[in-house]
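Engineer: Just passing along the structure, written as structure tokens.
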Amino acid sequence: MSMQGGEEMEFGKQIKKLRQEAQLSQEELAERIYVSRQTISNWENDKSYPDVNSLVLLSETFQISLDKLIKGDIEVMKDVIQKEEIEKMNRYGGIYTMMLIASAVSAVPLFMLLGVWAPIPWGIIWGIAMYFAFMLEK
């Protein structure tokens, strides 16, 4: 999670850091936001994530805005989503390229082998290429 100092930090580590800066034990923080000590531990170890009500109470307890409390997590999620999108586009681009090459290379052999029936398999190959071209344009 990106903090103002430029350091990368996960949400759980941020909660722990804020709790320690406020000189609160897990038990004391748990009492202030109406959850169990185990819940605080789970958050700090990134085993679970606070619900909206708990986020508001954490924000009030640590006297920071909700935006600052969760902003880094949102940035991390955006990075993950962006990387997934790039991987998907690369995969679609590879399939599109292969199918386009296959449709170009297979046209003559298919017509020689299948005669009037050649447009059927060739059309399927070309259709798959166009499907992935469309997916790349989205």
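Engineer: Looking only at segment 124-138, count how many residues are of a type in the set (A, V, I, L, M, F, W, C), under 23 Å from Glu84 (Cβ atoms) and surrounded by fewer than 17 Cβ atoms within 10 Å (Cβ to Cβ).
Structural biologist: Selection size over segment 124-138: 4.
Engineer: Separate question: For segment 60-78, name all the residues that are assigned to a helix (DSSP H, G or I), surrounded by 13 or more Cβ atoms within 10 Å (Cβ to Cβ) and modelled with pLDDT of 80 or more.
Structural biologist: Answer for segment 60-78, where residues must be assigned to a helix (DSSP H, G or I), surrounded by 13 or more Cβ atoms within 10 Å (Cβ to Cβ) and modelled with pLDDT of 80 or more: Thr61, Phe62, Leu66, Lys68, Leu69.
Engineer: I would also like to ask the following. Can you tell me which of Gly115, Gly93 is at positive phi and either outside any loop (DSSP other than H, G, I, E, B) or at pLDDT below 95 (or both)?
Structural biologist: Answer to the check: Gly115.
Engineer: Quick one: how many residues across segment 21-36 are under 17 Å from Phe11 (Cα atoms) and not hydrophobic (A, V, I, L, M, F, W, C)?
Structural biologist: 2
Engineer: Just checking, which of Ile125, Ile81 is of a type outside the set (D, E, K, R) and at pLDDT 95 or above? If you could, list the steps in order and put the result at the bottom.
Structural biologist: Numbers: Ile81 fails: at pLDDT 95 or above.
Going through Ile125, Ile81 in turn, the sole match is Ile125.
The values are calculated or read from the model by the stated rules, or taken from the named source; none is laboratory data. Because the structure is predicted, anything quoted here is derived from the model rather than measured. Don't worry about glycine lacking a Cβ; one is built from the backbone with ideal geometry, like all the others, and counts go over all protein chains shown.
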